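First comes the structure, then the notes that go with it.
What follows draws every value from the coordinates through simple rules; no lab data is involved. Owing to the predicted nature of the structure, the values given are computational and were not obtained by experimental measurement. Neighbour counts run over all protein chains shown; Cβ positions are idealised from the backbone, glycine included.
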Amino acid sequence: MSDSDGVKTMLLTGASRGIGHATVKRFSAAGWRVLTCSRQAFDVRCPWPGGEENHIQVDLADPNDTIKAIEVVKSKINGSLDALVNNAGISPKDEDGGRLNTLDTDLRTWGKVFHVNFFASVVLARGLKDELSAAKGSVVNVTSIAGARVHPFAGAAYSTSKAALAALTREMAHDFGPLGVRVNAIAPGEVETSILSPGTEKIVEGLPLRRLGQPSEVADVIYFLCSDQSSYVTGTEIEVNAGQHV
């Protein structure tokens, strides 16, 4: 279902770079209206239509700000939301740029990471459940290869938040299914974005496909999960990682 003029609407968090940026372009090219959320104000250089009026500046690390954003979203949509893509994610490093492990991650850092990477996803979905249900919409949670194994660069808080998000995807699929809403996850591996760390090339050498992924390749899978082509798919996590999980 879509709004009165036939245009489908999606809400995307973490839109300002990488996978998020590619996802906006993919959906915009298919004629969707895309509402974007990020910590930054709208950047006029962003190459898609209606950008500024469809942008919500929100700090997902702040629960009160996240809850307030729900009302802003409701005011911008006409009672229905076809897709929610929870893509925002942070992975803090130590002072030297190294990974933060379970021994040296400050409790406040754990909290901030989980608010952005985990809690915001369920808060937004629950807050917009009526609009998602009205559209028989789709939720896509962006997890990570790091959610299933210790990763050389991703920190402990990031990795465990992504593992929790994979579990949340199952729980949400169970709870949102009777509302006609599908909930799935995608787990990207080594994708060519600014979040990559030096040394990634060593990981890539061991991947079955022997190459980095492109953000557009991830965006295509997100689009599939928000389209009618995946109408009987819910509660699953698709690995988008060149076989890294094997």
Exercise for the section: Mind checking which lysines have their Cα closer than 22 Å to the Cα of Lys76? Skip sequence neighbours fewer than 8 apart in that chain. Expected result: Lys8, Lys25, Lys68, Lys129, Lys136
Completion exercise
In vacuo Debye sum over C-alpha of segment 165-245, base-10 log of normalised intensity I(q)/I(0) at q = 0.18 Å⁻¹, listed in q order, is -0.79
Practice task
Have a look at Val34, Val123, Val181 and tell me which one the Gaussian network model of the chain (Cα, springs below 10 Å) gives the largest fluctuation.
Solution key: Val123
Exercise for the section: Only bridges with both residues in the chain count here: give the DSSP antiparallel percent, nearest 5. Expected result: 5 percent
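Using only the Cα atoms of segment 20-119, construct the convex hull and provide its projected area averaged over every direction, in square nanometres to one decimal.
Details: hull surface 31.3 nm².
The number I arrive at for segment 20-119 is 7.8 nm².
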Exercise for the section: Using the Kyte-Doolittle scale, find the helices of the chain whose mean hydropathy is at least 0.5 and whose Cα atoms extend 15 Å or more along the helix's long axis, counting only whole DSSP H runs. Expected result: 215-226
Exercise for the section: Note down the nm distance, to one decimal, between modelled labels 7 Å out along Cα→Cβ at Lys136 and at Lys68. Expected result: 3.7 nm
Problem - Residue-span extension gain [Glu171 to Arg17] - 0.36 nm each, minus C-alpha spacing - result: 52.6 nm
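Grab the beta carbon distance between Leu179 and Asp220, set R0 = 25 Å, and tell me the FRET efficiency rounded to 0.05. Don't jump to the answer; show the numbers that get you there.
Numbers: r = 26 Å, r/R0 = 1.06.
So the FRET efficiency works out to roughly 0.40.
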Practice task
Over the alpha-carbon set of segment 35-187, work out the extent along each principal axis and list the three values in angstrom, largest first.
Solution key: 47, 39, 28
Exercise for the section: Rank Val72, Val218, Val191 by mean-square fluctuation in a GNM of the chain with C-alpha springs under 10 angstrom and give only the top-ranked residue. Expected result: Val72
Fill in the blank from the handout: Note, Gly89: beta-carbon cut-off 13 Å, +1 each Lys/Arg, -1 each Asp/Glu, net +4
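How much of the DSSP bridge set in segment 1-138 is antiparallel, in percent, rounded to the nearest 5? Don't skip to the end; give the middle numbers.
Numbers: 1 of 13 bridges.
Once the DSSP bridges in segment 1-138 are tallied, antiparallel ones form about 10 percent.
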Problem - Calculated FRET value between Arg210 and Glu53, using beta carbons and R₀ = 51 Å, to 0.05 - result: 0.75
Handout entry: Amide H within-cut-off set for Ile90, under 5 Å, with H built and near neighbours excluded
Key = Asn117
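With n ≥ 4 as the cut-off for DSSP H runs, can you work out [θ] at 222 nm for the chain, using -39500 (n - 2.57) per run divided by the number of residues, rounded to the nearest 500?
On the way: 8 runs with 87 residues, N = 246.
Result for the chain: -10500 deg cm²/dmol, rounded to the nearest 500.
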Fill in the blank from the handout: Whole-Hz Karplus couplings 3J(HN,Hα) for segment 180-185, θ = phi - 60° and coefficients 6.51, -1.76, 1.60, Gly and Pro as x, run x, 10, 8, 10, 9, 10
